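A quick write-up on the structure given underneath.
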Amino acid sequence: MRALVAGGAGFIGSHLCDFLLDQGVQVVCLDNLITGRKRNISHLLRTRGFKFIRADITRKKSIPESVDIIFNLASPASPKDYLASPLETLAAGATGTRNLLELARSHKAVFLMASTSEVYGDPKAHPQQESYWGNVNPVGIRSVYDEAKRYSEALVMAYHRCFGLPTRIARIFNTYGPRMKLGDGRVVPNLIHQALTAKPLTIYGTGRQTRSFCYVSDMVEGLFRLAGCSDPMPVNLGNPEEFSMLKFARLVKQLTGSHVPLTFHSLPEDDPKRRCPDISRARKILDWKPRVSIEQGLRRTIDWFRART
Ligand code: UDP
């Protein structure tokens, strides 16, 4: 069995490469290294059954090896990254996804799309079920990511309906863990880094907005299980434990032993107010739920950041 992991040098992608190799699956990792990093996979470069190809999914590429499954995780994913590369983000979701779907067709491979909770936008339904169509501002600054992922989902379903391609869609909610980039601007690396370097913790808006954080090992196990199931309709993957950013900041302070103050900054445009996955579907069809508590996961993440600060 061989998997192609597009975006395999990224944060979740590189953990997925590790997980697949542990399961005895060979891995071809494709990444253009715009936001991914070679150091995330440097420990794998001499591993049997692992191959890295530096390539951009927006350019057509053939793979000489046979491939049984394609995971598409190739896209900038943090708001800071996708706002810095808006056109590349749209192209990755549109042309990139289409190229990989064609590759899946030619290899008769399963195709798994890493979509996002951002397809729900600033949701009016809570917690978010897969049946909710979302509340996305199509011309707001976040739309380059949200709409690219929504278009990817539409493309995937069209390939499924037109060609009978075996497809899966994972809607990934906020995920954290080792290998997040220090400077990617997301709340988890920001607050941990600030706490470890005795700087005030930056809270955007009132800090009452919520997110639900899933540890990365739980996420990759969910993706693997989804790959092995035959349901083409979207599945939420995430941890349903919901935190306000104020509560999350308190937890980071407690676990790092830091006494730094909070500083308040303006809320980014269209920042979703509440986000929490309903994971009933994943529980039912994948027999999956997160196993790593926020304390355990954050301790591991803090240790990892501490070793690099
Ligand atoms: N946020 C914050 N301080 C930071 C970075 C982010 O309060 O230093 C907030 C951000 O406004 C959002 C939440 O934390 O409400 C999660 O942001 P992140 O960028 O991690 O991911 P998102 O879920 O928005 O894609």
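Quick note: the coordinates plus some simple rules give every number you see, no bench work behind them. Predicted, not measured: the structure shown is a model, and the values here were computed from it. Here Cβ is always computed from backbone atoms with ideal geometry, including for glycine, and neighbour counts include all displayed protein chains.
If you take the square roots of the eigenvalues of the alpha-carbon gyration tensor of the range 1-104 and sort them as a ≥ b ≥ c, do you get rounded (a/c under 1.5), prolate (a/b over b/c) or oblate?
Numbers: a/c = 2.15, a/b = 1.35, b/c = 1.59.
Because a/c hits 1.5 or more and a/b fails to exceed b/c, the range 1-104 counts as oblate.
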statement: Cα extents of the range 200-245 along the principal axes, largest first, in whole Å, come to 45, 21, 14
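For the range 107-250, just run the numbers: alpha carbon Rg, then divide by 2.2 N^0.38 Å, N being how many residues it has. Intermediate values should be presented prior to the final figure.
Numbers: Rg = 16.9 Å, N = 144, 2.2 N^0.38 = 14.5 Å.
Working it through for the range 107-250, the quotient is 1.16.
Order of MET157, MET245, MET219, MET233 from fewest to most other C-beta atoms within 10 Å? Present the calculation step by step, with values, prior to reporting the outcome.
On the way: MET157 17, MET245 21, MET219 28, MET233 13.
Result, fewest neighbours first: MET233, MET157, MET245, MET219.
Could you put LEU201, LEU103, LEU87, LEU33 in order, starting from the residue whose Cβ has the fewest other Cβ atoms within 10 Å?
Values: LEU201 25, LEU103 22, LEU87 8, LEU33 14.
Result, fewest neighbours first: LEU87, LEU33, LEU103, LEU201.
Based on other C-beta atoms within 10 Å, arrange VAL156, VAL5, VAL260 from fewest to most. Walk me through the intermediate numbers first.
Working: VAL156 26, VAL5 31, VAL260 18.
Ascending Cβ contact count within 10 Å gives the list VAL260, VAL156, VAL5.
Over 19 Å between C-alpha atoms is what I'm after, so list which of LYS108/LYS149; LYS149/LYS289; LYS247/LYS273; LYS61/LYS149; LYS253/LYS289 land there.
Details: LYS108/LYS149 23 Å; LYS149/LYS289 24 Å; LYS247/LYS273 15 Å; LYS61/LYS149 21 Å; LYS253/LYS289 27 Å.
Pairs exceeding 19 Å: LYS108/LYS149; LYS149/LYS289; LYS61/LYS149; LYS253/LYS289.
Is the shape of the range 69-156 rounded, prolate or oblate, going by the alpha carbon gyration tensor and its root eigenvalues a ≥ b ≥ c, with a/c under 1.5 for rounded and a/b larger than b/c for prolate?
Numbers: a/c = 2.41, a/b = 1.39, b/c = 1.73.
Oblate.
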For peptides 263-270, 169-176, sequence by mean Cβ density within 10 Å, most packed first: 169-176, 263-270
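In what sequence, highest mean first, do 129-135, 234-240, 221-227 appear when ranked by Cβ atoms within 10 angstrom?
234-240, 221-227, 129-135
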- line: Shape descriptor, the range 240-309: equivalent ellipsoid semi-axes (Cα gyration tensor, sqrt 5λ, whole Å, largest first) stand at 27, 20, 10
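With +1 on the Cβ of every Lys and Arg and -1 on the Cβ of every Asp and Glu, and nothing else charged, how large is the dipole of the chain about its Cα centre, in debye rounded to the nearest 20? If you can, show how the numbers build up before the last one.
Working: 44 positive and 28 negative charges, 116 e Å.
For this selection, approximately 560 debye.
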message: Please compute the volume of the convex hull spanned by the alpha-carbon atoms of the range 91-133 and report it per residue in Å³.
response: 86 Å³
query: Quick one: what do you get for the chain if you divide its Cα Rg by 2.2 N^0.38 Å?
result: 0.95
